[in-house]
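Have a look at the structure below, then the notes.
The values are calculated or read from the model by the stated rules, or taken from the named source; none is laboratory data. Computed from a predicted structure; not experimentally measured. Neighbour counts run over all protein chains shown; Cβ positions are idealised from the backbone, glycine included.
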Amino acid sequence: MVAFLSKSRPRGGGAVAGRGSGRSTGGEIRALLWLARHPGWALLPAVAVWALLALGTVTVGSIAAGLLAGVLVWWRSHPPSFDRCAAPVLRSTWRRWTTYRGAHWRGVLDDCELTRENRRTGQVLVPRIVRFRAVTPSIDTLTVALVRGQDVLTWTDRAPALADALGAHRVAVSRARPGRLRVVVERSMPFARMLDAPAIPATADEVDLRTLDVGDTERGTPFRIRIRGKHLLVVGASGAGKGSLLWGPLRAMGPMIRDELVRLWVIDLKGGTETERGQDLFHRWATTPADALELLTEFRDSMLARQAWMREHQVRTCEITRETPYELLIIDELAMLTAYGDRSVVRDALRLLAEVLTQGRAADHTVAGYVQEPSKDVVDVRELFTTRICLGVTAASHVDMALGDGARDRGALADEIPGDEAHAGIGFVIDTGSRLPVRFRAGYVTDTEIDELVHRCTPGLTTDQPDAGEVLPFPTPTDQPDQDSDDRHDDQDDSEGGVA
Ligand SMILES: Nc1ncnc2c1ncn2[C@@H]1O[C@H](COP(=O)(O)OP(=O)(O)OP(=O)(O)O)[C@@H](O)[C@H]1O
């Protein structure tokens, strides 16, 4: 069964004489078929009638009012858990019944020429929605059963018309499996403007390496990433905005770098172009494959030394101090080290990386890698990164490679993010609680803001040095009109959220 039969719409000359029947399926049969597919809608009124008869109107009314009050209290008192658990279900049910069903859905498809007429019976065949989800306020994902004779091209041709008919920003169509389409309706573009770079906190006490605020999620909550106890992999095509997720966390932890509580080890095999500006911040910096191997070996040795220190002091976790700082290895363009370099370099690098990625977490040695292509051939150690973020990518398959199987089907349409500057810094991450994808935009860190970071947070500077604590003006086109940027970050500090 590929589609439900909508109400008959006989048309002159629709039936072909001598072939099958010219009569359409009876309405009562169609109603029974519908009920069989949606047993809940038969069960619900039955349970309501039973409850009314058995318990009485007052009891049933009190239970319903209590449930409603409970939901309202939850909505008002704990937005993060409500938005994560209840809102997707309520939103999905509401939209399914107001937009994507019955006469409205049929009318939209009819207007967009996406229904077909059965030539024998004259019935209008309407592609049926077999699965619907509105995981986020701005994206609806539908699995649609095609009617016979249609294919994915029929729908991709009509996608712009469908978007306009649904009042949506964009509609993307892909083939899920034979006879089934995945249709993604982007109702609105949640990040219409660029976001400011993360603020640099005043002191190290204000930094929590478990929740670095580096942007916003589409739910309006701060987009926080966790560095401590994790290894971070950021995937994104060229120009997707990986730089923001490199410099943003460094700004958010700036005072800890200044106070030598965090040490940065940086490998940049694009000749150092991305990271040169910040080299004063780095404990070690490598821009050639040979130096990179040496740096990796040193980093691994540092991890082994820390493990030995922990054994000696009989501790399972380290306090972050100048003697035992947090060690962060940043590898821009990871593929140059894990795939495209000289064969012996790649072999040694993979061995060292695997060692650090499997043992570094407990010893406060974290790796943050940035890569364009996340396939196994390119990043063999991909699965060892415990937090993965996917910015705009060029292939649908890259999404699941980056975020895990089924992420794209659950709505992480990173390959649909346009590859222009207006959409740079936008990506998806999997919510650790609900396992659903959440879209975010990272704050954009300009060169001037990197200079500000270097100026304020070069290791060894102390807050009582003349110009260490004071921010000198770095005029940029973005920070002039946006006087409320600090307010935004202040507000975010109070709100809850965070996904990575
Ligand atoms: N968070 C952001 N918000 C808005 N625009 C951004 C953001 N991040 C980057 N951009 C824009 O996108 C451009 C490319 O960004 P970036 O250099 O970080 O990309 P990339 O992923 O590192 O690319 P490549 O791998 O080629 O170096 C920037 O010059 C900037 O104009």
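Considering Ala422, Ala368, the condition of being free of Cβ contacts under 8 Å to residues at least 24 places away in the same chain and within 16 Å of the ligand (Cβ to nearest atom) is satisfied by Ala422 alone. The residue of region 161-180 that is farthest from the ligand (Cβ to nearest atom), among those that are under 22 Å from the mean Cα position of the chain (by Cα) and not basic (Lys, Arg), is Ala176. Among residues that are more than 29 Å from Pro459 (Cα to Cα) and within 16 Å of the ligand (Cβ to nearest atom), Ala197 is not included.
Here Ala192 does not fit the description of being away from the ligand (no atom under 16 Å from the Cβ) and surrounded by fewer than 19 Cβ atoms within 10 Å (Cβ to Cβ).
Matching residues to (1) part of a strand (DSSP E or B); (2) outside the structural domain of Thr321 (by TED's automatic domain parsing):
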site: Arg133; (1), (2): yes, yes
site: Val147; (1), (2): no, yes
site: Asp164; (1), (2): no, yes
site: Ala176; (1), (2): yes, yes
site: Asp196; (1), (2): no, yes
site: Arg210; (1), (2): no, no
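Among residues belonging to region 217-237 that are within 14 Å of the ligand (Cβ to nearest atom) and surrounded by 22 or more Cβ atoms within 10 Å (Cβ to Cβ), point out the one that is nearest to Pro137 (Cα to Cα). My answer is Thr217. Residues in region 268-286 that are under 15 Å from Asp342 (Cβ atoms) and within 16 Å of the ligand (Cβ to nearest atom): Leu269 alone.
Exactly one residue out of Arg131, Arg193, Arg228, Arg148 is under 24 Å from His398 (Cβ atoms) and basic (Lys, Arg): that is Arg131. Assess whether Trp50 counts as being in contact with a Phe, Trp or Tyr (Cβ under 7 Å, 6 or more places away or on another chain) and at pLDDT 85 or above. Judged against the criteria, Trp50 is not a match. Among the residues of region 411-430, those that are part of a loop (DSSP other than H, G, I, E, B) and either surrounded by 18 or more Cβ atoms within 10 Å (Cβ to Cβ) or among the aliphatic types (A, V, I, L, M) (or both) comprise Gly411, Ala412, Leu413, Ile417, Ala424, Gly425. The residue list Asp348, Asp342, Asp332 contains one member that is buried (at least 20 other Cβ atoms within 10 Å of the Cβ) and in the same structural domain as Gly248 (by TED's automatic domain parsing), which is Asp332. A single entry from Trp309, Trp285 fulfils the requirement of being assigned by TED's automatic domain parsing to the domain that holds Gly243, of a type in the set (Phe, Trp, Tyr) and surrounded by fewer than 17 Cβ atoms within 10 Å (Cβ to Cβ): Trp309. Going through (1) within 15 Å of the ligand (Cβ to nearest atom); (2) not in a helix (DSSP H, G or I) one by one, Leu250 falls short only on (2).
Taking each residue of region 219-241 that is on the phi > 0 side of the Ramachandran plot and looking for partners that are away from the ligand (no atom under 16 Å from the Cβ) with beta-carbon atoms closer than 6 Å, six or more apart or interchain, yields Gly229/Arg361.
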